[in-house]
Amino acid sequence: MAADSDIDAVVIGAGAVGLASARALARAGHETVILERHGAIGTEVSARNSEVIHAGIYYPKGSLKARLCVEGRGRLYDYLESHKLPHRRCGKLIVATDEGQLGELGGIAQRARANGVEDIRELTKREALALEPALNTEAALLSPSTGILDAHSYMLSLEGEFEDAGGMIAFHSTATRVTRDGGGFLVHVESTEAMRLRARIVVNAGGLWAPALAARVDGLDAVHVPEAYFAKGNYFSLTGRAPFSHLIYPVPEAAGLGVHLTLDMGGQARFGPDVEWIEVKDGAEPDYAVNPARGDAFYASVRRYWPGLKDGALQPAYSGVRPKLNGAGEAAADFVMSGPEAHGVPGLVNLFGIESPGLTASLAIAERVKAMVKE
């Protein structure tokens, strides 16, 4: 790519949402480049999560998370099935481990149905134990449409289709600032050589760094740049096989969905994430190391729903960092998709706080990005 190049659209960030958005733009006829500061696709939020296809159960009715999760789940299953990509519709149990949680469990079921999750089922203790005899539970919800996928295979497929549509990814390329250039933008890039891309459309899908990048867009009022918070989630893997065929989730806790049990495509169980609020300096890499001492709290949390977990069975696995728009003790924030209608800068779309269920919602987010650009 030349030091100064003209392009129709620039997407910043090659995670699942950035790839899906760039693919949608390229297929709509936009000459599109993705700028990715790392040397590979999907190395941050998209690679460090539970790889769960969410049904759309927990989110407030009418929120972007609720609507885009339900729409995105259908789109994602169709995509995975049509492309023969690894996934499994294994289902999920949300368990109440004491009678004090039964009311909350009922509230979750109501919220799920309000969001369009019609297949949610309320199970008695006997029905739940018939499905998963190793559980400790007073009652449960069954979500048959929850599943798992191989996130990397999915992102590789998006990348291939984006490139087939004429798109290009520039790796090791960091967008440092965005200035105005007539009716479009100049995207300033640090790479093997400094360069600038002239573009009519800029999509900021920077994940953890989206607010910091938005703050460096000339002409964007600071009122449209939210404060960034970072919630680290640690995961532990199970030594040996778990006696479960469904994903197992406790009743949700503050800032997350609790220390849940998920399965990978090989059937291996892992537990997490917990919630560890951290500080991350702009542009610095988060500390992804998992402190083994945090496993002590995992045993207590997991044994509420699986009393049979043995001492020494958990090993530190990996961690991820969620791009939050709310701090500790605050109500969970919704996705923010900020386009020209909101901020008044033609051609600019900022995606903020795209944490879970962003992977599930990625194809639905991409369609909305395409529509915002068209408008």
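Data for the structure
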{"quantity": "Residues of segment 109-135 that turn out to be farther than 18 Å from HIS54 by Cβ, touching a helix residue (DSSP H, G or I) at 6+ places or on another chain (Cβ under 9 Å) and crowded, with 18+ Cβ neighbours inside 10 Å, as a count", "calculated": "2"}
{"quantity": "Complete set of residues in segment 130-148 that are over 26 Å from GLY72 (Cα atoms) and part of a loop (DSSP other than H, G, I, E, B)", "calculated": "GLU132, PRO133, ALA134, LEU135, ASN136, THR137, GLU138"}
{"quantity": "Subset of segment 153-183 [in contact with a Ser or Thr (Cβ under 9 Å, 6 or more places away or on another chain) and surrounded by fewer than 16 Cβ atoms within 10 Å (Cβ to Cβ)]", "calculated": "GLY166, MET168, PHE171, HIS172"}
{"quantity": "Strands (runs of 3 or more DSSP E) wholly inside segment 27-129 that include at least 2 residues being over 20 Å from ALA366 (Cα atoms)", "calculated": "92-96, 121-124"}
{"quantity": "Test: residue in segment 208-220 that is within 13 Å of SER5 (Cβ to Cβ) and touching a residue at least 40 places away in the same chain (Cβ under 8 Å)", "calculated": "no"}
{"quantity": "Filtered residues of segment 328-343 (kept if among the small types (Gly, Ala, Ser) and at pLDDT 95 or above)", "calculated": "ALA333, SER338, GLY339, ALA342"}
{"quantity": "Restricting segment 20-45 to residues that are closer than 16 Å to ALA371 by Cα and aliphatic (A, V, I, L, M), the residue that is nearest to the chain's Cα centre (by Cα)", "calculated": "ALA20"}
{"quantity": "Selected residue [under 30 Å from LYS370 (Cβ atoms) and without any contact (Cβ under 8 Å) to a residue 60 or more places away in the chain] from PRO292, PRO323, PRO340", "calculated": "PRO340"}
{"quantity": "Residues of segment 36-72 satisfying the condition of being crowded, with 23+ Cβ neighbours inside 10 Å and of a type in the set (Lys, Arg)", "calculated": "LYS65"}
{"quantity": "Residue selected from segment 228-249 under the condition over 16 Å from LEU129 (Cβ atoms) and in contact with a helix residue (DSSP H, G or I) (Cβ under 8 Å, 6 or more places away or on another chain), by the criterion surrounded by the fewest Cβ atoms within 10 Å (Cβ to Cβ)", "calculated": "PHE230"}
{"quantity": "In segment 149-189, the residues that are assigned to a helix (DSSP H, G or I) and under 22 Å from the mean Cα position of the chain (by Cα)", "calculated": "ALA151, HIS152, SER153, TYR154, MET155, LEU156, SER157, LEU158, GLU159, GLY160, GLU161, PHE162"}
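The values are calculated or read from the model by the stated rules, or taken from the named source; none is laboratory data. Here the structure is a predicted model, which is why all the values come from computation and not from measurement. For neighbour counting, all protein chains shown are included, and Cβ atoms are generated from backbone atoms with ideal geometry for every residue, glycine included.
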